[in-house]
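What follows is a short report on a single structure.
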Amino acid sequence: MAKADLKPKSIRHAKNWSDEVENLYRFQQAGYRDEFEYKQVKQVDTVECWPETGFVKKLQRRDNTYYYYNKQRECEDKEVHKVKVYVY
């Protein structure tokens with residue numbers, strides 16, 4: 001079974017900021033669990049990222065509008081605990 005077909009086994013909330021948490025924050029702002037769900041829903045193979053930081057650059061929301069993100073960190077410390085980390 002492909003990973004895209006899997007449902008998360010568990011969820012935990014992020015405790016500390018990291019590159020992974022930053023990207024999850026961006027996917028969740030756009031209405032997706034994570035990169036796997038985004039690729040599955042939008043039928044894309046890659047996500048546009050900033051080459052300097054590796055952070056997600058832009059995402060298409062479910063209503064087909066776009067979110068554009070900065071190359072710097074956007075998830076503030078006070079937002080970190082809201083980010084859900086899905087375990088497959």
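Given only helices, namely DSSP H runs of n ≥ 4 each adding -39500 (n - 2.57), what is the per-residue ellipticity at 222 nm of the chain, to the nearest 500 deg cm²/dmol?
When only DSSP H runs of four or more count, the value is -7000 deg cm²/dmol.
Return ARG12, ARG61 ranked ascending by Cβ neighbour count within 10 Å, so the fewest neighbours appear first.
With the sparsest Cβ surroundings first, the list reads ARG12, ARG61.
Report the Cα centroid-to-centroid distance between segment 55-88 and segment 1-53 in angstrom, as an integer.
Cα centroid to Cα centroid, the span is 8 Å.
Which residue fluctuates most in the GNM of the chain (Cα springs below 10 Å): PHE27, PHE36, PHE55?
Residue with maximal mean-square fluctuation among PHE27, PHE36, PHE55: PHE36.
Please list 3J(HN,Hα) in residue order for segment 37-47, calculated via the Karplus relation 6.51 cos²θ - 1.76 cosθ + 1.60 where θ = phi - 60°; whole Hz, with x for glycine and proline.
Couplings: 5, 4, 5, 5, 5, 8, 6, 10, 9, 9, 10 Hz.
Based on the alpha-carbon gyration tensor of the chain and its eigenvalue square roots a ≥ b ≥ c, which shape applies: rounded if a/c is under 1.5, prolate if not and a/b is larger than b/c, or oblate?
Oblate.
Any read-out appearing in this document is the output of simple, stated calculations on the displayed coordinates, not a laboratory observation. A quick note: this is a predicted structure, and the numbers were derived from the prediction, not measured. Cβ: placed from backbone, ideal geometry, glycine included. Neighbour counts: every protein chain shown.
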